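Just below is one structure, and these are the notes that go with it.
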Amino acid sequence: MAITATISVPLTSPTRRTLASLNNLFPHSPRSTLPIPRRTFKYPNSRLVASSMSTDAPVKSPSASFLNRLQTGFLHFAKYHGLGNDFILIDNRDSTEPRVTAEKAVQLCDRNFGVGADGVIFVLPGINGTDYTMRIFNSDGSEPEMCGNGVRCFAKFVSQLENLQGSHSFTVHTGAGLIIPEVLDDGNVRVDMGEPVLKASDVPTKLPANKDDAVVKSELVVDGVIWHVTCVSMGNPHCVTFSREGSQNLLVDELKLAEIGPKFEHHEVFPARTNTEFVQVLSKSHLKMRVWERGAGATLACGTGACATVVAAVLEGHAERSGIVQMLLCCISVLLFES
């Protein structure tokens, strides 16, 4: 039986300031955010901040862009977030290689000495017949296959770069395959996340399969504690846990995520590392989740993680095929349907 996960959630309302006011406040700061002056955005549900930072080499710019490029030698970018999961977006349509290196992305993502973000996303030319290519560097410089909230921000960014109006969709090549985000009339972005991968070797995980080819509610020892985990790939690997030995329902607010998260991420049974979702079951249709993202650490939200959580909850019998996944600041509605 094939399952497809679909995620559709709003982006947050915009913050707008003038270019002049920010220049006056931070005349020499490379961290200054420089939104486009007097620009009114069609989509009221998106948050957009456009800015620039000095780079080592001049940057070519296409003639048409909503990023008002006035200087060479600067990296012009936009800042978006999806449910608090925040990204630096770079218009890279004139080159097949990212404008900045993974090392530079780490600096940009630093929340004290850079712009601050969970990752840097590049809009590159499409390949294999797609409209665009999406690449992303995590805040630690690693490159994931794709990102659920990231592709939603990518879609809004492209819409405004291209000045697209009304409901529309386009094809995006990612490391996880073809993704088709849809920008709706109300400004929300809906993404069909595709069919989850459950085969253990494809997730990938070295844990032995215990349900057909899948790892479902299997025991995993982390730091001397036995956790019960289900492994799912949504194009990127996820380890989902609802319980540990001696605790049948996690109280996720009590977890010391910064301590336990890295031990899951770098566990030897995950050869490509893993994202980890710690889930508390509130009801058959309401799950509360905290996430430790591979390469980014604790984040406020994770789109692929929300989908993986519902898939795992269904497999373990905790939830129905649709429900709400509650994270730190928001909820995501996820629907699983047969294809």
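The values are calculated or read from the model by the stated rules, or taken from the named source; none is laboratory data. Please read all numbers here as calculations on a predicted model, not as lab measurements. Using ideal geometry, Cβ is built from the backbone for each residue, glycine included, and neighbour counts are taken over all protein chains shown. Note: areas computed on protein heavy atoms with side chains; ligands, DNA, RNA excluded. Shrake-Rupley method; radii C 1.70, N 1.55, O 1.52, S 1.80 Å.
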Being open to solvent by 20 Å² or more (accessible area, probe 1.4 Å) and within 13 Å of THR174 (Cβ to Cβ) is the filter here; which residues of region 134-143 pass it? ARG135, GLU143
When every residue in region 164-187 that is within 16 Å of the chain's Cα centre (by Cα) and small (Gly, Ala, Ser) is compared, the one least open to solvent (accessible area, probe 1.4 Å) is GLY177
Just one of the numbered conditions (1) within 25 Å of VAL325 (Cβ to Cβ); (2) modelled with pLDDT of 60 or more is not true of ARG47; which one? (2)
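I want to confirm something. Restricting to region 247-270 and keeping residues that are among the hydrophobic types (A, V, I, L, M, F, W, C) and within 23 Å of the chain's Cα centre (by Cα), which single residue is most open to solvent (accessible area, probe 1.4 Å)? Lay out the reasoning, then the answer.
Here is the first cut: in region 247-270, the residues among the hydrophobic types (A, V, I, L, M, F, W, C) are 250-252, 255, 257-258, 260, 264, 269-270.
Cutting the leftovers down to within 23 Å of the chain's Cα centre (by Cα) gives us 252, 255, 257-258, 260, 264, 270.
Numbers: VAL252: 0, LEU255: 19, LEU257: 11, ALA258: 78, ILE260: 23, PHE264: 0, PHE270: 9 Å².
So the residue we want is ALA258.
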Condition met for PHE278 (over 15 Å from VAL311 (Cα atoms) and either open to solvent by 30 Å² or more (accessible area, probe 1.4 Å) or under 23 Å from the mean Cα position of the chain (by Cα) (or both)): no
Exactly one condition in (1) free of Cβ contacts under 8 Å to residues at least 60 places away in the same chain; (2) among the β-branched types (Val, Ile, Thr); (3) not in a loop (DSSP other than H, G, I, E, B) is false for ILE127; which is it? (3)
Given (1) more than 23 Å from GLY187 (Cα to Cα); (2) modelled with pLDDT of 95 or more; (3) crowded, with 19+ Cβ neighbours inside 10 Å, where does TYR80 come up short, assuming only one miss? (1)
Selection from region 188-203 of residues that are open to solvent by less than 30 Å² (accessible area, probe 1.4 Å) and out of contact with any helix residue (DSSP H, G or I) (no Cβ under 8 Å at 6 or more places or on another chain): ASN188, GLY194, ALA200, VAL203
Failed item, numbered, when ALA258 is tested on (1) of a type in the set (Gly, Ala, Ser); (2) touching a residue at least 60 places away in the same chain (Cβ under 8 Å); (3) over 19 Å from ARG152 (Cα atoms): (2)
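Restricting attention to region 116-133, report how many residues are open to solvent by less than 10 Å² (accessible area, probe 1.4 Å) and within 12 Å of the chain's Cα centre (by Cα).
Of all residues in region 116-133, those open to solvent by less than 10 Å² (accessible area, probe 1.4 Å) come to 116-117, 119-124.
Those still in the list that are within 12 Å of the chain's Cα centre (by Cα) too: 117, 119-121.
Going through region 116-133 one residue at a time, the tally reaches 4.
Yes/no per residue for (1) more than 21 Å from the chain's Cα centre (by Cα); (2) surrounded by fewer than 16 Cβ atoms within 10 Å (Cβ to Cβ); (3) assigned to a strand (DSSP E or B); (4) not hydroxyl-bearing (Ser, Thr, Tyr):
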{"site": "ALA272", "(1), (2), (3), (4)": "no, yes, no, yes"}
{"site": "TRP292", "(1), (2), (3), (4)": "no, no, yes, yes"}
{"site": "ALA301", "(1), (2), (3), (4)": "no, no, no, yes"}
{"site": "VAL311", "(1), (2), (3), (4)": "no, no, no, yes"}
{"site": "LEU315", "(1), (2), (3), (4)": "yes, no, no, yes"}
{"site": "GLY323", "(1), (2), (3), (4)": "no, no, yes, yes"}
{"site": "LEU328", "(1), (2), (3), (4)": "no, no, no, yes"}
